[in-house]
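Okay, so here's the structure we're looking at.
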Amino acid sequence: MFGGDTLYELRCSLQLAELEREGGFSPHVSPFTAVSDLGHLLSRAGFNTLTVDTDEIQVNYPGLFEVMEDLQGMGESNCSWNRKPLLHRETMLAAAAIYQEMYGNSDGSVPATFQIYYMIGWKFHESQARPAQRGSATVSFGDLAKIDGLLSRGKK
């Protein structure tokens with residue numbers, strides 16, 4: 001699942017260009033979820049022992065238009081209901097210039113960052129062993145430092 005910081009370069013460039021050219025902006029990239037929202041959704045669905053991991057992948061493109069073409073090919077067009085149906089040509093050209101100026105690489109390419117979330121949660125079943133009660137341990141983690149001495153005495 002894509003995370004909240006996905007395509008921040010594209011979103012920022014489009015917003016700045018639209019503010020400059022049209023005096024306001026609407027979302028042109030679909031909204032993405034925050035990591036805290038995923039944890040809340042999983043726990044509300046009855047999962048516990050939750051783990052959410054994140055990766056960031058940066059892909060370099062020749063320019064803004066290639067990024068948008070690739071997104072359209074991935075089926076990642078904007079699904080927002082409250083968006084404007086089109087962007088003016090001048091706004092798109094301004095966004096491409098802003099993208100290049102703010103985020104461009106030295107070789108002329110532009111990065112597109114994808115934040116990816118991986119999540120896992122467990123639901124206990126009656127047939128599974130339950131975890132021990134908190135504080136019921138009979139050995140302290142502090143005793144683990146002494147284990148080398150105990151093992152070496154046992155070998156003699």
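Worth pointing out:
- Percent carbon-and-sulfur accessible area, the chain, ignoring ligands, DNA and RNA, probe 1.4 Å: 55 percent
- Model label points for L144 and E69, set 7 angstrom from Cα along the Cα-to-Cβ axis, are 5.4 nm apart.
- Applying both filters, DSSP loop and at most 16 other Cβ atoms within 10 Å, to the trypsin sites (Lys or Arg not before Pro) of region 1-96 gives R83.
- Helix 8-22 axis, angle to the chain major axis (alpha carbon atoms, nearest 10°): 30 degrees
- Take every Cα pair under 8 Å whose residues are at least 6 apart in sequence, average their separation, divide by the length of the chain, and the relative contact order is 37 percent.
- Over the chain, DSSP H runs of length four or greater, each weighted -39,500 (n - 2.57), average out per residue to a 222 nm ellipticity of -11500 deg cm²/dmol.
- Counting only alpha carbon atoms, the long axis of helix 64-73 and the longest principal axis of the chain meet at about 60°.
- Its convex hull of Cα atoms gives region 58-122 a direction-averaged projected area, equal to a quarter of the hull surface, of 6.5 nm².
- Average accessible surface area per residue within region 1-57, 1.4 Å rolling probe, Å²: 57 Å²
- Under a model in which nothing but the beta-carbon of Lys, Arg (+1) and Asp, Glu (-1) is charged, the chain shows a dipole of about 1260 debye around its Cα centre.
- Contact order relative to length of region 1-79, as percent, for alpha carbon pairs under 8 angstrom and 6 or more apart: 31 percent
- Compared with the dominant principal axis of the Cα atoms in the chain, helix 35-44 is inclined by about 60°.
- Accessible area in square angstrom per residue, region 93-135, 1.4 angstrom probe: 70 Å²
- Tensor-based shape of the chain (alpha-carbon gyration tensor, a/c under 1.5 rounded, otherwise prolate or oblate): prolate
- Look at the dipole of region 2-156 built from charges on Cβ: of F2, Y99, Q15, the Cα furthest out on the positive end belongs to F2.
The values are calculated or read from the model by the stated rules, or taken from the named source; none is laboratory data. Computed from a predicted model, the values in this text were never measured in an experiment. Glycine gets a Cβ as well: all are built from the backbone with ideal geometry, and neighbour counts include every protein chain shown. When the accessible area is computed, the model is the full protein with side chains, heavy atoms only, and any ligands, DNA or RNA have been set aside. Shrake-Rupley method; radii C 1.70, N 1.55, O 1.52, S 1.80 Å.
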